[in-house]
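The values are calculated or read from the model by the stated rules, or taken from the named source; none is laboratory data. Just so it is clear, the structure is predicted and the values come from calculations on it, not from any experiment. Note that each Cβ is placed from the backbone with ideal geometry, even for glycine, and that neighbours are counted across all protein chains shown. The protein model used for the area step is the full one, side chains on, heavy atoms only, and it has no ligands, DNA or RNA in it. Shrake-Rupley method; radii C 1.70, N 1.55, O 1.52, S 1.80 Å.
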Amino acid sequence: MWRLLPRQIESMWTLFTAPVVWAVHFLACYVGAAIFCEKPHLLGGDFNTLRVGIVVLTVMALSMIVISALLAWRQWGFGTGDPPHGDPTRRDRQLFQGYATLLLSGLSFVAVIYTALPVLFITDCIR
Amino acid sequence: MSDVSEAGRDRAAQEAQLRAVWANPSGWRYWTSVNNTQVGLWYGSAAFAFMLFAGLLALLVRAQLAVPENDLISAELYNQAYTLHGTVMMFLFAVPIFEAVAIFLLPPMLGARELPFPRLGAFGFWSFFIGGVFVCGSIFFGAAPNSGWFMYPPLATSEQAGIGADIWLLGLSFIEVASLAAAVELIVGIMKCRAPGMRVNLMPLFAWYLLIVAGMIIFAFPPLIAGDLLFEMQRMFDWPFFDAARGGDPLLWQHLFWIFGHPEVYIIFLPAIALLAMIIPTFAGRPIVGYSWIVLAAVGTGFLSFGLWVHHMFATGLPQISLAFFSAASEAVAIPTAVQIFVFIATMLAGRVIFSIPMLFAMGGIAIFVMGGLTGVMVALVPFDWQAHDTYFIVAHLHYVLIGGMLFPIFAGLYYYYPLIDGKHMSERVGRLAFWLMFTGFNITFLPMHITGLRGMPRRVYTYPADIGWDWLNLLSTVGAVVLGIGMFAVVVDVTLHRRRKPKGEQNPWNAGTLEWVSEPEENWGVRSIPRIESRYPLWDQKDLARQVHAGEWYLPDAKEGRRETLVTSVLDAEPEQVLRVGGTSYVSIFCAATLGTVFIALTFKFWVVSLLAGAAFLAGVIYWLWTGTGEIPEKEEKDIGHGISLPLYASGVKSVGWWAMFITMSGDGTAFASLVFGYFFFWTRHEDFMVGLEGPGMFWPLVALALFAAAWAATVAARETNRRGGLGLSRVLLGAGVALSIAGCAAGLAGPWSYGMDPTQHVYPAVVWVLVIWAAVHGGVGIIMQLYCLARSIAGRLTARHDMELQNVTLYWHFMLVTALITFGVVGLFPEAL
């Protein structure tokens, strides 16, 4: 299964993958709902269409975060070494990056679920 | 024996030379210094002075509210006092003080001689200082802003707001420029100027926090600048962006303001927590528990804080589904925030805590902040917020968050880092007294406000009747404010008077483990030599490091060529890459800040000619600055930094710090542009018929403009490539062609709305089209100046195939310009056709 994952990239930017997914998902939900409620005829469908749309987006976002978490777990050496990862070596730097990325994936996962929760309870564009 | 004395003489000579190179000018020329130590101190002192001024305004407000039906000050002065109090605290204290601390502390903490752009740092300080004096001074002429620190239209666009609103908009826009300049400096400094070996897993947590915060500034401040632009266009030229009668919408301002305003809260909070992350391990006598968790918390908070802005707008009638998204994110941000608090508690539990004055302030701050955080969780819930909105409950909440999350940690930092300024401690006795006065005074002031708010007292009222149960609560708050004020006054006395009493202490008096404590307060060079770092707490773990650094045994111990130099290292592993020559003492920073300040101040009073002349002088100053101070071709390729390492003196493209600065600046610029595009689509969603039957700019001119800008971009890229291959002549021709194409592009862009006679004062649709097109044209204009600059450098022989830093950076600018043109002309030209 691990062979299906892309090769490891050494970059500062990988740290931000999961939060960026959260941001894009959040923005898509907000903009989608805003346009739907202001211009109901433009997108067509009823409020349930919007809810289904957000659920689909959420599943996609969560999957991407899980992939990012898997990559991070691999970078963290599958959890073989414990923190603090404070040695002056390239390996410890990588382990640190992997661990921090994994933690951020966890936070982003929870935050995406938080964002999606309202569609369980709200059934209309009430103000 | 003679060898030893010779080595000693060598060392003394090295030191003397280094000292001379980094020396400040004397007399009045002292103020032209650009060294991070001086600029940091000025920045911090100015921010502190503004804070004391705003504190006095708060006491004035409290005095007016002490008893019911009071008429101590006029209603107009009251409005100005609370508006200026909020404005000054947020814009002139809370954000700048962290920039000040960062500019002062980061170089020694990272083991750098200096940040990469010292003149930019000085320019930022002077801009801040001029703008700050202008905004604060207005109250002495009865002309201060009076519509609250978030300046909501339609109140703030009305006649009633007076010139104060313009002072707010233009003065603060100017200060935002300073903040962005500091953010660029800090990001590049942290990513590229760390000591060799200081990998990202060994970086001091302060640097991690500051990196995140500076990144947040790049994305949070530009929406406000875009909002200021729209706002000022309405006030000056009657373009109806926020006028509902002509299709505008006051809510757009609220969106733009809070897209800035909420991340701002965390921009203020995170650096303060960063100070605690340095202080707590020192006094717990052990490394922090959960370094990676702190990084998680900093990055997580940084992102989530951008999804909170609508929680300031819960009462504006947005669809409930939208409110719910923001409510959810507001609850989620409590997770990373709490992680930091738990990390601190765990560190203290795992170590043996010494309760010094910095720790008192740190603990007091955390206790207050936790309480503010918990009321924050309450007001993040929409139904509760509807009850508490715009009442004193909110005033209590925000002061608990800001004073606990920011002011107390800053005082902790002041007591902790004071020995780095002049090698002396502040008074333990005064500190203890000040802390208890401030802590009790604060709680007596703000705890009752929760109840005052729940009893219905709205924010910003001038006075109130006696018989509705608010009177004794208000009196209590006023008494508390006086106690808080006395506590702060004690600290001021300590800072100003202690110099006469205290003997010099030893270096590193707290026995801290981080590298900033290696710096010598009486020296200006940052670090004597730049060490290789092998630990998060090098002074604890690398035995004898301080002595080796002071003895000049590490990298770059000299300045043989008489130039100010620091090391540039790689982003992840901090491997040495380049010796960077940084700018020294110069008038140019002050000159540019003064002329740019004149532009903004003259605009406030509508002195068009003065503004135009000052703008020309500013441009001339910037070009002189760049021409004489950057992109210099060094006299040799490489320099030996000791220990057998030789590094290049010149870098261009992605390896140069200038490229990073351009990239970061343009990311911020792109965010401002995105905010304007957001405005365009916001107006589209608000109207059944967006164009209300008015003429658009057509398709022809926008598409011609797009094609011309694309061609200008291609010419610039081709110029870079031919130059790199040695074709200097062809490269110059291509740059010239680029200039011609850009001029034609600007003209074609403006021709669209012009030829259809679109009147921007008639309705918001033509106004928003004009503003987008003008944005693109102005950026085209800047692109033209850059192309001409490269052309001139090439002709002057200062831009060659090997030394092409300027052209690389200008091409990067043009990548962003191409995207700007694509979006602008795509949106204004094609979107109306798609409707």
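Just add up the charged neighbours of residue B:684: K/R +1, D/E -1, any other residue whose Cβ is under 12 Å from the Cβ of residue B:684. The partial results should precede the final answer.
Details: positive: A:39, B:686; negative: A:38, B:249, B:688, B:689.
Summing Lys and Arg as +1 and Asp and Glu as -1 gives -2.
Report the FRET efficiency, 1/(1 + (r/R0)^6), for residue B:687 and residue A:20, where r is their Cβ-Cβ distance and R0 is 25 Å, rounded to 0.05.
Working: r = 32 Å, r/R0 = 1.29.
Plugging the Cβ-Cβ distance into 1/(1 + (r/R0)^6) gives 0.20.
What cysteines in the protein assembly as shown have no other cysteine with a beta carbon less than 4.7 Å from their beta carbon?
A:29, B:136, B:193, B:592, B:746, B:790
What's the carbon and sulfur percent of chain A's accessible surface, probe 1.4 angstrom, rounded to a whole number? Show your work: numbers first, answer last.
On the way: 4620 of 6650 Å².
Its accessible area is 69 percent carbon and sulfur atoms.
What residues does region A:105-124 have that are buried by at least 50 Å² of accessible area in the full protein assembly compared to the chain on its own, 1.4 angstrom probe?
For region A:105-124, once contacts with the other chains are taken into account, A:107, A:114, A:122 lose 50 Å² or more.
Expressed as cubic angstrom per residue, what is the convex hull volume of the alpha carbon set of chain A?
Details: hull volume 17.0 nm³, N = 127.
Spelled out: Cα convex hull of chain A, divided by residues, is 133 Å³.
What residues of region A:39-53 lose no less than 40 Å² of accessible area with every protein chain in place versus their chain by itself (probe 1.4 Å, heavy atoms only)?
In region A:39-53, residues shielded by partner chains: A:39.
Using only the Cα atoms of region B:333-464, what are the Rg and Dmax in Å?
Looking at region B:333-464, its Cα Rg and Dmax stand at 17.2, 53 Å.
Mind counting lysine pairs for me in the protein assembly as shown? Cα separation below 22 Å, and the two need to be 8 or more apart along the chain or on different chains.
Lysine pairs satisfying the spacing and distance rule in the protein assembly as shown number 8.
Cα atoms only: what Rg and Dmax, in Å, come out for region B:83-231?
17.4, 59
Tell me the per residue accessible area of region B:675-777 using a 1.4 Å probe; a whole number in Å² is fine. Present the calculation step by step, with values, prior to reporting the outcome.
Numbers: 4070 Å² over 103 residues.
Result: 39 Å² of accessible area for each residue.
What fraction of the Cα pairs in chain B, stated in percent, has a spacing above 47 angstrom? The partial results should precede the final answer.
Working: 82632 of 348195 pairs.
Taking all Cα-Cα pairs of chain B, the fraction more than 47 Å apart is 24 percent.
Provide the FRET efficiency to the nearest 0.05 for the residue B:429-residue B:815 pair, computing r from the beta carbons and using R0 = 41 Å. Intermediate values should be presented prior to the final figure.
Numbers: r = 59 Å, r/R0 = 1.44.
The value I calculate is 0.10.
Can you list, bin by bin at 10 Å, the percent of alpha carbon pairs in the protein assembly as shown, starting at 0?
Percent of pairs per bin, in order: 2, 11, 20, 25, 23, 14, 5, 1, 0, 0.
Relative to a virtual label point 7 Å from the Cα of residue B:643 in the Cα→beta-carbon direction, which members of region B:93-133 show backbone nitrogen distances below 16 Å?
Under 16 Å, as judged by backbone N against the label point of residue B:643, lie B:110-113 of region B:93-133.
Give me the net charge for the shell around residue B:787: Cβ to Cβ below 12 angstrom, other residues only, Lys and Arg +1, Asp and Glu -1. Provide the component values of the computation, followed by the final result.
Numbers: positive: B:720, B:732, B:793; negative: B:806.
Summing Lys and Arg as +1 and Asp and Glu as -1 gives +2.
Using protein chains only and a probe of 1.4 angstrom, how many square angstrom of residue B:689 are accessible, to the nearest 10?
Here the accessible area works out near 90 Å².
Rounded to a whole number of µm²/s, how large is the Stokes-Einstein D of region B:37-501 at 25 °C and 0.890 mPa s, given Rh as the Kirkwood radius over C-alpha pairs?
Working: Rh = 22.7 Å.
Answer, rounded: 108 µm²/s.
Along the Cα→Cβ direction, 7 angstrom out, place labels at residue B:493 and residue B:10. What is the inter-label distance in nm?
Going by the 7 Å Cα→Cβ label model, 5.5 nm.
Quick check: with the 1.4 Å probe, what order do A:93, B:286, B:720 take by accessible area, largest first? Don't jump to the answer; show the numbers that get you there.
Working: A:93 0, B:286 75, B:720 50 Å².
Most to least solvent-accessible, the answer reads B:286, B:720, A:93.
Just from the alpha-carbon atoms, what are the Rg and Dmax of region B:474-566 in angstroms?
Rg then Dmax for region B:474-566, in Å: 20.5, 66.
Order B:606, B:192, B:560 by their accessible area, 1.4 angstrom probe, all chains in place, largest first.
Values: B:606 90, B:192 10, B:560 145 Å².
The most accessible residue leads, giving B:560, B:606, B:192.
Residues of region B:298-321 losing 50 Å² or more of accessible surface, assembly versus chain alone, probe 1.4 Å, please list them.
Flagged in region B:298-321: B:303, B:304, B:319, B:320, B:321.
Which chymotrypsin sites (Phe, Trp or Tyr not before Pro) does region B:341-439 hold that lie in a coil by DSSP with at most 13 other beta carbons within 10 Å?
B:355
Suppose R0 equals 51 Å; then what is the FRET efficiency for residue B:73 and residue B:523 from their Cβ-Cβ distance, rounded to the nearest 0.05? Write out the running numbers ahead of the final one.
On the way: r = 49 Å, r/R0 = 0.96.
Taking R0 as 51 Å, the efficiency between residue B:73 and residue B:523 is 0.55.
Ignoring ligands, DNA and RNA, what percent of the accessible area of chain B is carbon or sulfur (1.4 Å)?
Details: 19730 of 28810 Å².
Looking at chain B in its full context, I get 68 percent from C and S.
For residue B:394, what is the net charge nearby, where nearby means another residue's Cβ is under 15 Å from its Cβ and Lys, Arg count +1, Asp, Glu -1?
On the way: positive: B:455, B:459, B:460; negative: B:385, B:390.
That works out to +1.
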